[in-house]
Amino acid sequence: MKNIRKLFCVVIVVFICAMPVVAQTPTLKFNAEGKFKIVQFTDIHWKFGNPKSDIAAERMAEVLDAEKPDLVVVTGDIVFAKPAADGLKAALAPIVERGIPFAITFGNHDDEQDLSRKQLLELAQGMKGNLSSETEGITGVTNYVLQVKSATSDSTAAVLYVFDSNSYSRNKRVKGYGWIAHDQIGWYMKQSAAFTAANSGTPLPALAFFHIPLPEYNEAVRSESSFMIGTRKEAACSPKINSGLATAMLDAGDVMGVFVGHDHVNDYAVDWRGILMAYGRYSGGDTVYNNIPDGNGARVIELSEGARDFKTWIRIGGGRTINHLHYPNDTK
């Protein structure tokens, strides 16, 4: 009998050890003052073993310690060399070490190393604070929704949509970068409609995060009547195809701002028909082109519970913040 019990215990231990390690999922919530702060890092372009990547870690640590965000969103091109697993761990270390909830999506370079998007996601899902996930059955990997709960109840007060903007065109007749596919847009529309219905027909305040900018970024900056703040040193490297995500957001009426990366020398925010089309600030080290004034940094976004507006700014080195904007108030 003792031997049977011993064997049973060994089997249980082996079974538990064989189970995948999944970090506990934290709950996002407005604080007692009704505020919720997000730090967006983008284009970290980490090269494991390259000391130039340390510049990214130093800036990320500085930003996180200064802003103390409720959530970090990393919008793609996190790793830029093999081994991708070590690169991802090192790139996310400043966030994980501080125990801050985080969400990631991928860019066009992440899966060009030695791991697929799915493998990278699975690695991130084992890290403390991870909120990144996947919606099966649609194009891409990192498509998911994050709900921000009210400060005073368990009701959803704001919604964050994370999209996989894919990598390169899969259509032989179209060159260049990929686009957010129709099934992804359909998924978003269903999610948005469900949140609106649950909120008595009123769209919840929402933001969207992904890597490759939409064609509407270029449309907006060409308009002389558009409000714009920040640095623009290159045209938005958007897909050649407009698959209609911005139009879907306009029709749904929930998304107030879209936040992307991809173009390292842009950090501007521009109004497009009542939706702020914004870039994050290049967050990486000197591992790829990055000649943006004042160096690397991050975008900060602060939501207020119950309001269809938000504040955003760029934090750079030396404790400085620039490009402060209260949207849409400052654009009127």
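The values are calculated or read from the model by the stated rules, or taken from the named source; none is laboratory data. Note that this is a predicted model, so its numbers are computed, not measured. Using ideal geometry, Cβ is built from the backbone for each residue, glycine included, and neighbour counts are taken over all protein chains shown. With ligands, DNA and RNA removed, areas are computed over all heavy atoms of the protein, side chains included. Shrake-Rupley method; radii C 1.70, N 1.55, O 1.52, S 1.80 Å.
Right, Val288: touching a residue at least 40 places away in the same chain (Cβ under 8 Å) and aliphatic (A, V, I, L, M) or not? Spelling it out, Val288 is indeed touching a residue at least 40 places away in the same chain (Cβ under 8 Å) and aliphatic (A, V, I, L, M).
So, Val174, is that one in contact (Cβ under 8 Å) with a residue 40 or more places away in the chain and open to solvent by 20 Å² or more (accessible area, probe 1.4 Å) or not?
Spelling it out, Val174 is indeed in contact (Cβ under 8 Å) with a residue 40 or more places away in the chain and open to solvent by 20 Å² or more (accessible area, probe 1.4 Å).
When Asn296 is tested against the conditions (1) outside any loop (DSSP other than H, G, I, E, B); (2) open to solvent by less than 30 Å² (accessible area, probe 1.4 Å), the lone failure is (1).
Within the range 249-278, being touching a helix residue (DSSP H, G or I) at 6+ places or on another chain (Cβ under 7 Å) and either open to solvent by 10 Å² or more (accessible area, probe 1.4 Å) or without any contact (Cβ under 8 Å) to a residue 12 or more places away in the chain (or both) holds for Ala252, Asp271, Trp272, Arg273.
Got a sec? Which of Lys332, Lys311 is open to solvent by 10 Å² or more (accessible area, probe 1.4 Å) and under 20 Å from the mean Cα position of the chain (by Cα)? Steps first, please.
Numbers: Lys332 fails: under 20 Å from the mean Cα position of the chain (by Cα).
Going through Lys332, Lys311 in turn, just one is open to solvent by 10 Å² or more (accessible area, probe 1.4 Å) and under 20 Å from the mean Cα position of the chain (by Cα): Lys311.
Every condition in (1) over 16 Å from Phe36 (Cα atoms); (2) buried (at least 19 other Cβ atoms within 10 Å of the Cβ) is met by Tyr289 except one, and the failing one is (2).
Mind checking which residues of the range 69-101 are open to solvent by 40 Å² or more (accessible area, probe 1.4 Å) and touching a residue at least 40 places away in the same chain (Cβ under 8 Å)?
Asp70, Phe80
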